[in-house]
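The values are calculated or read from the model by the stated rules, or taken from the named source; none is laboratory data. The structure displayed is predicted, hence computed values, not measured ones. Glycine also receives a Cβ, built like all others from the backbone with ideal geometry; neighbour counts cover every protein chain displayed.
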Amino acid sequence: MRVLLHACCGPCLIYPADSLRRQGLDLTVLYYNPNIHPLAEYEKRRANLLEYCQKVGLTVASGDYNVDDYFSAVVSPEADRCHLCYQLRLGETARQAAAGGFDAFSTTLLVSPYQKHDELRQAGEAAASAAGVAFLYEDWRAGYRAGQARARELGMYRQKYCGCVYSKEESRTPKR
């Protein structure tokens, strides 16, 4: 089975990619993250991901970096920006999976204990329905710490926020 795996960054790719490969799946990685801000952060994460994929023999496809798409999707007073961001990124992943003849798609966001899994699953299933390709949901959170430890061993860049300007600001605010 051919799977297109959306990846937010190299460290979060490690565990899901290993899991899918152990299952014998034919894996291609998609780096599509117009939410990441600023551009220098986007490029740093992209370079880190490409280097890792080259080391482990994974093919990488990329989507456009158009922050206007992201801000158009999430900016409104009542917006649930995370859910809208999930819809944007998983929608594009599903479209690329369908166009590329993949059997299914998934996302490395499912490894993070900091993401909203119910909303990710809902966005993935909606995108799958719209594009006519299966969404492969797996809860990889149990492997998050192992993947991050491996990233540290490899000297990979590990960011402190999800990528968007909002989470960057939130990361600077002390937690109460």
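Within region 57-70, residues that are of a type in the set (Ser, Thr, Tyr) reach partners that are surrounded by fewer than 14 Cβ atoms within 10 Å (Cβ to Cβ) with beta carbons closer than 8 Å, at six or more positions or on different chains, in the pairs Tyr65/Leu39.
Evaluation of Glu170 against the conditions (1) over 29 Å from Gln54 (Cα atoms); (2) out of contact with any strand residue (DSSP E or B) (no Cβ under 7 Å at 6 or more places or on another chain); (3) modelled with pLDDT of 95 or more shows that the sole unmet condition is (3).
Applying the condition of being more than 10 Å from the chain's Cα centre (by Cα) and of a type in the set (S, T, N, Q) to region 7-37 and asking which residue is nearest to Gly101 (Cα to Cα) yields Thr28.
Does at least one position in region 87-109 carry a residue that is surrounded by fewer than 16 Cβ atoms within 10 Å (Cβ to Cβ), of a type outside the set (Ser, Thr, Tyr) and within 17 Å of Tyr137 (Cβ to Cβ)?
Going through region 87-109, the residues surrounded by fewer than 16 Cβ atoms within 10 Å (Cβ to Cβ) turn out to be 99-101, 103.
Going one step further and asking which of them are of a type outside the set (Ser, Thr, Tyr), we end up with 99-101, 103.
Then drop every residue that is not within 17 Å of Tyr137 (Cβ to Cβ), which leaves 103.
Looking through region 87-109, at least one residue is surrounded by fewer than 16 Cβ atoms within 10 Å (Cβ to Cβ), of a type outside the set (Ser, Thr, Tyr) and within 17 Å of Tyr137 (Cβ to Cβ).
Which residue, of Cys53, Cys8, is in contact with a helix residue (DSSP H, G or I) (Cβ under 9 Å, 6 or more places away or on another chain), assigned to a loop (DSSP other than H, G, I, E, B) and either modelled with pLDDT of 95 or more or not acidic (Asp, Glu) (or both)? Walk me through how you get there before you give the answer.
Numbers: Cys53 fails: assigned to a loop (DSSP other than H, G, I, E, B).
Of Cys53, Cys8, the one residue that is in contact with a helix residue (DSSP H, G or I) (Cβ under 9 Å, 6 or more places away or on another chain), assigned to a loop (DSSP other than H, G, I, E, B) and either modelled with pLDDT of 95 or more or not acidic (Asp, Glu) (or both) is Cys8.
Which one is nearest to Lys160 (Cα to Cα), of the residues in region 19-53 that are among the basic types (Lys, Arg) and surrounded by fewer than 18 Cβ atoms within 10 Å (Cβ to Cβ)?
If we filter region 19-53 for residues that are among the basic types (Lys, Arg), which is where we start, we get 21-22, 44-46.
Then keep just the ones that are surrounded by fewer than 18 Cβ atoms within 10 Å (Cβ to Cβ); that gives 21-22, 44.
Values: Arg21: 27, Arg22: 29, Lys44: 13 Å.
Of everything passing the filter in region 19-53, Lys44 is nearest to Lys160 (Cα to Cα).
Counting only residues that are farther than 14 Å from Cys8 by Cβ and outside any helix (DSSP H, G or I), region 56-88 holds 12 of them.
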